[in-house]
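The values are calculated or read from the model by the stated rules, or taken from the named source; none is laboratory data. What you see is a predicted model; the values in this text were computed from it and never measured. Here Cβ is always computed from backbone atoms with ideal geometry, including for glycine, and neighbour counts include all displayed protein chains. Areas reflect the complete protein model, heavy atoms only, side chains present, ligands, DNA and RNA absent. Shrake-Rupley method; radii C 1.70, N 1.55, O 1.52, S 1.80 Å.
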Amino acid sequence: NQLSEFHAELEKFPPSEASHKYIAYPIMLERQLMVGSYDEVLRATSEIPDGSYSYFVTSLMQTVRDNIADCLEVAYKTMSVESAVKMMRLESVKELMEYVEECRDDWIVEGGDMLCFQPAVGGSKASDVPSMKLISQSLSYATELERIV
């Protein structure tokens, strides 16, 4: 993920150049991504300043929808199909079903109107973290550092 590097490069533009419509658009998209305002990013994709942006915007839309889908999986056990269409800013239930078929084979559609998300496989519980081992290693490193100093 090179978003931070992209952010740094965009910050180098002087204000006079950054206000140009062809430069302001990616700057606006990047800022919305940095704050996690995916809805604004998806809304802005319909306002591209030039047709040459469409390839990148299409790819960005897919990435944003994948991120939204990842969040849905974690936040909800089940969700209505209509709610998922709305949250992912898709045009129709058919489009959602195509997305599920292509990208989310672990989602279950029940009765045609409910989505069920599979729980994450292992590693999601606090008891799965080897805390005693981490404490022991940290103390060992601290002891070694003290010997060196």
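May I ask you to verify whether residue 4 is within 19 Å of residue 89 (Cα to Cα) and among the hydroxyl-bearing types (Ser, Thr, Tyr)? Don't jump to the end; show me each part of the working.
Values: within 19 Å of residue 89 (Cα to Cα): no; among the hydroxyl-bearing types (Ser, Thr, Tyr): yes.
Spelling it out, it is not the case that residue 4 is within 19 Å of residue 89 (Cα to Cα) and among the hydroxyl-bearing types (Ser, Thr, Tyr).
If I go through region 90-104 residue by residue, how many of them are surrounded by fewer than 17 Cβ atoms within 10 Å (Cβ to Cβ) and assigned to a loop (DSSP other than H, G, I, E, B)?
Number satisfying all stated conditions: 2.
Which of the following residues is over 28 Å from residue 27 (Cβ atoms) and not acidic (Asp, Glu): 59, 46, 131, 52?
131
Considering only residues of region 1-58 that are part of a loop (DSSP other than H, G, I, E, B) and under 21 Å from residue 71 (Cβ atoms), which is nearest to the chain's Cα centre (by Cα)?
The residue in question is 36.
Being touching a residue at least 24 places away in the same chain (Cβ under 8 Å), closer than 19 Å to residue 94 by Cα and out of contact with any Phe, Trp or Tyr (no Cβ under 6 Å at 6 or more places or on another chain) is the filter; apply it to region 43-81 and report the residue that is most open to solvent (accessible area, probe 1.4 Å).
Once the filter is applied, the top-ranked residue is 78.
Can you tell me which residues in region 109-149 are open to solvent by less than 70 Å² (accessible area, probe 1.4 Å), modelled with pLDDT of 80 or more and either closer than 30 Å to residue 81 by Cα or touching a helix residue (DSSP H, G or I) at 6+ places or on another chain (Cβ under 7 Å) (or both)?
109, 112, 114, 115, 116, 117
For region 30-38, does any single residue satisfy the condition of being at pLDDT 90 or above and either open to solvent by 90 Å² or more (accessible area, probe 1.4 Å) or at positive phi (or both)?
no
Looking at (1) among the acidic types (Asp, Glu); (2) open to solvent by 90 Å² or more (accessible area, probe 1.4 Å); (3) in contact with a Lys or Arg (Cβ under 8 Å, 6 or more places away or on another chain), find the lone condition where residue 11 falls short.
Every listed condition holds for residue 11 apart from (3).
I'd like to check something: does region 69-84 contain any residue that is of a type in the set (D, E, K, R) and outside any helix (DSSP H, G or I)?
Yes - at least one qualifying residue is present in region 69-84.
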